[in-house]
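The values are calculated or read from the model by the stated rules, or taken from the named source; none is laboratory data. The model shown is predicted, which means the values in this text are computed figures rather than measured ones. No Cβ is skipped: glycine too gets one built from the backbone with ideal geometry, and neighbour counts run over all protein chains shown.
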């Protein structure tokens with residue numbers, strides 16, 4: 001049908017143009033590749049662009065020989081108002097009909113952005129704003145604006161200004177197109193976190209010492225920071241669940257680090273362990289008040305389904321792995337072996 005319409009239009013054009021030469025030229029326009037270039041061409045069509053403006057843009061990019069014929073052909077097919085905006089990759093070997101098909105379909109260039117599990121939300125927000133071709137619409141230093149964006153109504157702690165929105169983005173790979181806003185990406189990651197957390201909460205194991213999805217998110221963030229070995233997450237979660245059931249303090253270094261804040265220099269000292277903050281789980285009972293990082297979906301699931309273990313302690317033994325102990329005596333031996341003997 002498309003070919004028949006094209007032939008009819010060529011015939012009409014021949015009558016209007018006054019001869020077979022024009023018909024031949026137009027037939028070449030329709031059936032030849034749109035460009036003699038060897039490589040694909042990227043164009044950025046702004047929202048609200050007319051067919052004429054798009055045709056001129058294509059001509060300037062050397063991917064269209066006759067913008068006037070292109071517009072006439074679009075109007076004849078009543079497709080001149082169907083062309084999409086956005087950044088697109090055009091192939092020089094396409095015919096005009098294939099070009100029009102892709103412009104109507106609007107397959108825009110997609111850029112990946114990976115939010116990294118274990119990072120603090122402030123780091124992630126800054127990384128999103130540094131993405132190429134992103135429209136910056138948010139002030140990431142405006143904590144009130146960010147809390148409103150996430151639907152959070154809590155008093156801001158001046159010492160930990162980002163704490164209330166900590167962990168509120170799901171660390172995954174997302175895709176965006178040119179001129180998408182930072183707000184759009186952030187909201188997508190936040191909605192993904194809410195869905196993942198709610199789904200995991202509905203499937204959680206019975207009898208966990210965790211009362212709310214938010215408490216699960218807090219514990220998942222601690223699990224995320226404690227190990228980079230995916231297979232260890234359920235057992236790390238199992239240790240923390242065991243300690244919570246016994247009323248033991250979590251005593252986890254990542255919470256101490258978060259409590260130190262911006263003054264953390266890469267080392268935890270004895271005085272840091274002894275200094276009480278709302279995040280120092282050596283000094284407080286139970287969970288800290290907020291997550292301490294972005295937990296992965298796997299860390300969240302580990303908290304909802306912790307490994308059945310008798311272990312109450314663990315210590316790093318190198319290369320990201322841990323030694324687990326069922327009692328304090330065994331744990332102290334492990335500390336001497338893996339920590340003290342290395343100093």
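General observations
- Test set (1) touching a residue at least 24 places away in the same chain (Cβ under 8 Å); (2) outside the structural domain of residue 217 (by TED's automatic domain parsing) - residue 329 fails condition number: (1)
- Count - residues of the stretch 98-128 that are in contact with a helix residue (DSSP H, G or I) (Cβ under 6 Å, 6 or more places away or on another chain) and touching a residue at least 60 places away in the same chain (Cβ under 8 Å): 4
- Count of the stretch 92-126 residues which are in contact with a strand residue (DSSP E or B) (Cβ under 8 Å, 6 or more places away or on another chain) and more than 26 Å from residue 233 (Cα to Cα): 11
- Filter result for the condition that a residue is assigned to a loop (DSSP other than H, G, I, E, B) and either touching a strand residue (DSSP E or B) at 6+ places or on another chain (Cβ under 8 Å) or in contact (Cβ under 8 Å) with a residue 60 or more places away in the chain (or both), over 309, 277: 309
- In summary, helices (runs of 4 or more DSSP H) completely within the stretch 54-165 and bearing 1 or more residues that are within 22 Å of residue 217 (Cα to Cα) and at pLDDT 95 or above occur at 121-129, 143-149.
- Residues of the stretch 250-268 that turn out to be surrounded by 11 or more Cβ atoms within 10 Å (Cβ to Cβ) and either farther than 15 Å from residue 281 by Cβ or out of contact with any helix residue (DSSP H, G or I) (no Cβ under 7 Å at 6 or more places or on another chain) (or both), as a count: 7
- Test: residue 330 is under 28 Å from the mean Cα position of the chain (by Cα) and over 30 Å from residue 155 (Cα atoms): no
- Every residue from the stretch 134-155 that is surrounded by 15 or more Cβ atoms within 10 Å (Cβ to Cβ) and out of contact with any strand residue (DSSP E or B) (no Cβ under 9 Å at 6 or more places or on another chain): 140, 143, 146, 147, 149, 150
- Output for the stretch 210-242, where each listed residue is free of Cβ contacts under 8 Å to residues at least 12 places away in the same chain and either within 21 Å of the chain's Cα centre (by Cα) or part of a helix (DSSP H, G or I) (or both): 214, 231
- Considering (1) more than 30 Å from residue 48 (Cβ to Cβ); (2) out of contact with any helix residue (DSSP H, G or I) (no Cβ under 6 Å at 6 or more places or on another chain); (3) surrounded by fewer than 19 Cβ atoms within 10 Å (Cβ to Cβ), the lone condition that residue 171 does not fulfil carries the number (3).
- Boolean, residue 198 is assigned to a helix (DSSP H, G or I), buried (at least 21 other Cβ atoms within 10 Å of the Cβ) and touching a helix residue (DSSP H, G or I) at 6+ places or on another chain (Cβ under 9 Å): no
- Checking residue 171 against (1) within 13 Å of the chain's Cα centre (by Cα); (2) in a loop (DSSP other than H, G, I, E, B); (3) farther than 30 Å from residue 318 by Cβ, the condition it does not meet: (3)
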